[in-house]
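K.L.:
Take a look at this one; I'll ask things after.
The values are calculated or read from the model by the stated rules, or taken from the named source; none is laboratory data. Treat the numbers as computed from the prediction; the structure is a model and nothing was measured. Cβ atoms come from the backbone with ideal geometry, glycine included; neighbour counts cover every protein chain shown. The accessibility values were calculated without ligands, DNA or RNA, using every heavy atom of the protein model including side chains. Shrake-Rupley method; radii C 1.70, N 1.55, O 1.52, S 1.80 Å.
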Amino acid sequence: MITFSIVTVTYNAASVLRATLDSVLAQDYPEVEHIIVDGASGDDTLRMVDEYVSRSEQAETGHRIVVVSEPDRGIYDAMNKGLSKATGDYISFLNAGDRLPSGETLSGIALAAEGVADGEWPAVLYGDTDIVDEAGRFLFHRRLSPPDHLSWRSFRHGMLVCHQAFYARTDIARSVPYDTRCRFSADVDWCIRVMKEAGQRGLRLQRVSGVVAHYLQEGATTRHHRRSLLERFRVMTVHYGWLTTIMMHGWFVIRGIVGKIKNKG
């Protein structure tokens, strides 16, 4: 069976963490490793994690839970710690507040990988994302939708696959760790580099049918929107060049204006 490593990075996240833990606990798929990388929280985060470990043991889920709590140098440094500890075939990053949509989510993703005709597991499994509030209520479907045929060039049009809906083969993911020089957009850069590596190895990127992630609307990137956009622009110039990036961002502006006009109408 395919094994999954789910990495959750936390820091004083007690107010939103329970939903994330509950969504992993509810998975009917047994081959799950949940790595919780905490930045030495001072609130109830670690107590909540301890309770989660006990509940998982009592429920006999078969899940393996790994907990690390120590100071870090930011979210992407913490993600690299999780990446270094992952032992699953695939790895994904589920931030505190985000959640898996149903108890069958990982089972469905595993079926998508195992059903590939050529017998070699895809480099990436990816699906759709819904945006939810802190209570888990559906707000809207993510504006950018994943294409059926994805490549590293696809992200010229924006981050078409949400980070939380991007499951990378761990052997590939570990070869291209997060760039900790970035504060907000290392996830975009990481996804592109994973897909580039997949292309060099001749491996496919496999679309999974349906929604595979619920993304909490208010995140660090949302709170620092302008700085995030500037950093993302720099990341895109590295991968796609200045001219392509400027042209695509011009199209983003036009698309945004048209969208606002349609919404008002």
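K.L.:
Between the stretch 26-42 and the stretch 83-161, what's the alpha-carbon centroid distance in Å?
P.N.:
If you average the Cα positions of each part, the centres end up 17 Å apart.
K.L.:
Next up: Quick check: net charge around Pro30, other residues with Cβ under 12 Å of its Cβ, Lys/Arg +1 and Asp/Glu -1?
P.N.:
-3
K.L.:
Here's another thing I want to ask about it. Taking the solvent-accessible surface of protein heavy atoms with a 1.4 Å probe, what is the per residue accessible area of the stretch 51-164 in Å²?
P.N.:
Dividing the accessible area of the stretch 51-164 by its residue count gives 46 Å².
K.L.:
Related question: Quick one: how many Å² of Met1 are accessible to a 1.4 Å probe, rounded to 10?
P.N.:
140
K.L.:
Further question on the same structure: Can you compute 3J(HN,Hα) from phi for each residue in the stretch 91-108, using the Karplus curve 6.51 cos²θ - 1.76 cosθ + 1.60 with θ = phi - 60°, rounded to whole Hz and x for Gly and Pro?
P.N.:
Ordered by residue, 3J(HN,Hα) equals 10, 9, 10, 10, 5, 4, x, 7, 7, 7, x, 8, x, 9, 4, 5, 4, x Hz.
K.L.:
A further question on this structure: Under the rule of at least 5 residues apart or a separate chain, name every residue whose amide H is placed under 5 Å from the amide H of Gly127.
P.N.:
Amide H neighbours of Gly127: Val208.
K.L.:
For log10 I(q)/I(0) by the Debye sum over Cα atoms at q = 0.07, 0.09, 0.15, 0.16 Å⁻¹, pick the label among (i) -0.27, -0.44, -1.13, -1.24; (ii) -0.28, -0.45, -1.01, -1.10; (iii) -0.24, -0.39, -1.14, -1.30 that corresponds to the value derived from the coordinates.
P.N.:
(iii)
K.L.:
Just the number, please: carbon plus sulfur as a percent of the accessible area of the chain, 1.4 Å probe, no ligands or DNA/RNA counted.
P.N.:
After summing per-atom areas, the C and S share lands at 53 percent.
K.L.:
Here is a follow-up. Amide H of Ser69 versus every other amide H placed in the peptide plane: which residues, excluding those fewer than 5 positions away on the same chain, fall under 5 Å?
P.N.:
The answer is Asp38.
K.L.:
Can you check what the net charge comes to around Arg99, using other residues whose Cβ is under 13 Å from the Cβ of Arg99 (Lys, Arg +1; Asp, Glu -1)?
P.N.:
Charge balance in the 13 Å sphere: -3.
K.L.:
Follow-up. In whole Hz, what ³J(HN,Hα) sequence does the stretch 179-192 give by Karplus (6.51, -1.76, 1.60; θ = phi - 60°), x for Gly and Pro?
P.N.:
Calculated HN-Hα couplings, in order: 7, 6, 6, 7, 9, 10, 10, 5, 5, 4, 4, 5, 4, 5 Hz.
K.L.:
Does the stretch 1-134 come out rounded, prolate or oblate, given a ≥ b ≥ c as the square roots of the eigenvalues of its C-alpha gyration tensor, rounded meaning a/c under 1.5 and, failing that, prolate meaning a/b above b/c?
P.N.:
Note, shape of the stretch 1-134 comes out prolate.
K.L.:
Got a sec to turn the phi values of the stretch 160-174 into Karplus ³J(HN,Hα) couplings, 6.51 cos²θ - 1.76 cosθ + 1.60 with θ = phi - 60°, whole Hz, x for Gly and Pro?
P.N.:
Taking θ as phi minus 60°, the curve returns 5, 10, 4, 3, 6, 9, 10, 9, 9, 4, 5, 5, 6, 4, 5 Hz for the stretch 160-174.
K.L.:
Take every DSSP beta bridge whose two residues both sit in the chain, then give the antiparallel share in percent to the nearest 5.
P.N.:
Roughly 25 percent of the beta bridges in the chain run antiparallel, per DSSP.
K.L.:
If you don't mind, there's one more thing I want to ask. Out of residues 5 or more away from Asp98 or on other chains, whose amide H comes under 5 Å of its own, with H placed 1.01 Å from N in the peptide plane?
P.N.:
Excluding prolines and chain starts, which carry no amide H, the hits are Leu216.
K.L.:
Taking the Cα atoms only, what angle lies between the long axis of helix 225-240 and the longest principal axis of the chain, rounded to 10 degrees?
P.N.:
Around 70 degrees separate the two axes.
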